[in-house]
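FYI, it's all coordinate maths here, none of it is from the lab. All figures in this text were calculated on a predicted structure; none of them were measured in a lab. Neighbour counts run over all protein chains shown; Cβ positions are idealised from the backbone, glycine included.
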2 protein chains.
Amino acid sequence: MNPPPEDAGPMGPCLHCQVRHLAVCSVLSREEMRALDSAAALQVLAPGAVLVRQGEPRRHVYTVTRGALRLVRLSADGRRQVAGFALPGDFVGLSGAELNQHDIEALGETELCRFGVDAMQRLGTQYPHLQGKLLERACTELDSAHERMMALARMNPTERLADFLLTLAERQARAGIAGPSIDLPMPRADIADHLGLTVETVSRCLTALRNRGLIALPGTYRVDILDLRGLETLKAA
Amino acid sequence: MNPPPEDAGPMGPCLHCQVRHLAVCSVLSREEMRALDSAAALQVLAPGAVLVRQGEPRRHVYTVTRGALRLVRLSADGRRQVAGFALPGDFVGLSGAELNQHDIEALGETELCRFGVDAMQRLGTQYPHLQGKLLERACTELDSAHERMMALARMNPTERLADFLLTLAERQARAGIAGPSIDLPMPRADIADHLGLTVETVSRCLTALRNRGLIALPGTYRVDILDLRGLETLKAA
DNA sequence: CGAGCCATTGACCTAAGTCAAAATAAGTGG
DNA sequence: CCACTTATTTTGACTTAGGTCAATGGCTCG
């Protein structure tokens, strides 16, 4: 009936996009992988390209395999909020709504794996184990959303930035790009709109962190973490 | 195999707690309901009682049937964030973590329905349709978390308060308690910690809204919406 | 080489936080 | 049931963190 856990092996890479689907440490059976693959389509975006537009009907979900995406929400009066960034290995599109809640835009040249929502849903009911993984993923997202709410509600700009940098570093580490040097695929404005700040404040706080010897800024789009412990203390304090 | 949709009737109330599980408009089969019920236990909390403590192992999930809960996160240095409130009909406990991420406390006398997480997981794999509902619920939560992040990041205190009141009104309406009079089951401090403000600011903004004729404040724990349209304009602007 | 974009820095200002006190509301015990 | 105590809310005066506006500097790309 349901594929028993014994049947499940370590998940292989997707035939199309060469990335481990849904979660790095996830476990899917061979059959589940095959089913997933058959529903997948490869897609490549040029820098700045718009993948989906806020308000349009939601047709696909995605797995990022290269590059990065930003999820942007624009309010009627022009206020901008970057809900999040999707890096390689991330799953994009979990939503209960009929319409897209965000613009999704490519930050650099970006490669992704596309699934139709209906196909996904069909696969979900067909392979309960897969749906379980999806649920797990949704719950993890929910946890990190709560984390981010705490940051937005109760941390000052410097703390938010420290938190943001540490989160990025951890995500890049998990994606296999280890090392204390973080790649920022987004401009300052996106960081600002993600953290509920202004560009000026982001800039000021970055230099403040540098002056305190916690980070180095070898280039606009690169941050070296010099004092991990110090950053963590800051964020927690 | 999986109960086909044709098999599903409108979801009845839980045998134990007399509330429609998981979602008001959800649809479960008779068998699924029976399975859910068998895993459920009733629980009543006195005002202020602590249901779960941040950091303890996560053992249960809950459905609120009467009263209200608050989900509180306390950081090391004492900063407090109310991640959310659970009202009758709400589902509490969707998380990917091993440990509880929040304190959960009763706001008044509160009644709820308890499920073991392992039982829930077992039911999930057994009844894919049920798990689908859970996933749906998680996605909806995720959407509203994003909504709240927008509020925290980009709205001023008055707008946040308007948004909060409208959300509460809508939730109470969906729970069957219609009317323009909102019941606030929580003290000002909780509202403040939910919206990333101080008690003083919440108080000031409430009186400001009253002075502008948008709301009335017949009692500390009651708000009448006088100008729905006006509030909505405020929040969107 | 020049134009345009983005990041940084500085000067200034305002919205919201802090501190303090008064006014209500909610408990408590006689 | 009422007086008294304690907690919560509201209001006011003041302070400051971070936003706004404006100018400068540094890349990138045609």
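Where does the longest stretch of chain A lie that holds no GluC sites (Glu not before Pro) found in a DSSP loop with 14 or fewer other Cβ atoms within 10 Å?
A:110-237
Show that you can apply the helix-only estimate: for chain B, add -39,500 (n - 2.57) for every DSSP H stretch of four or more residues, divide by all residues, and state [θ] at 222 nm to the nearest 500.
-13000 deg cm²/dmol
Compare the Cα positions of B:Cys139, B:Gly55, B:Ala208 along the charge dipole of chain B (+1 at Cβ of Lys, Arg; -1 at Cβ of Asp, Glu; about the Cα centre) and return the one farthest towards the positive end.
Checked the options; the winner is B:Ala208.
Note the distances from B:Ser181 to each other copy's matching label point, with points 7 Å along the Cα-to-beta-carbon direction, in nm, sorted shortest first.
Here the equivalent label points are 6.6 nm apart from this one.
Placing a label point 7 Å from Cα toward Cβ, how far apart in nm is A:Arg229 from its equivalents in the other copies, listed shortest first to one decimal?
Here A:Arg229 shows inter-copy label distances of 6.2 nm.
Give me the base-10 log of I(q)/I(0) for the protein assembly as shown at each q in 0.11 Å⁻¹, Debye formula, one uniform scatterer per Cα, rounded to two decimals.
The calculated log intensity ratios at q = 0.11 Å⁻¹ are -1.00.
So if I average 1/r over every pair of distinct C-alpha atoms in segment A:82-157 and take the inverse, what Kirkwood radius in Å does that give?
14.7
I need the Kirkwood Rh of chain A: take the reciprocal of the average 1/r across all distinct C-alpha pairs and report it in angstrom.
19.0
First select every other residue whose beta carbon is under 11 angstrom from the beta carbon of A:Pro47; then total the charges, Lys and Arg +1, Asp and Glu -1.
-2
Step through the residues of segment B:42-52 one at a time and calculate ³J(HN,Hα) from phi using the Karplus curve (6.51 cos²θ - 1.76 cosθ + 1.60, θ = phi - 60°), rounding each to whole Hz and writing x for Gly and Pro.
Result, rounded to whole Hz: 7, 8, 10, 10, 6, x, x, 5, 9, 7, 9.
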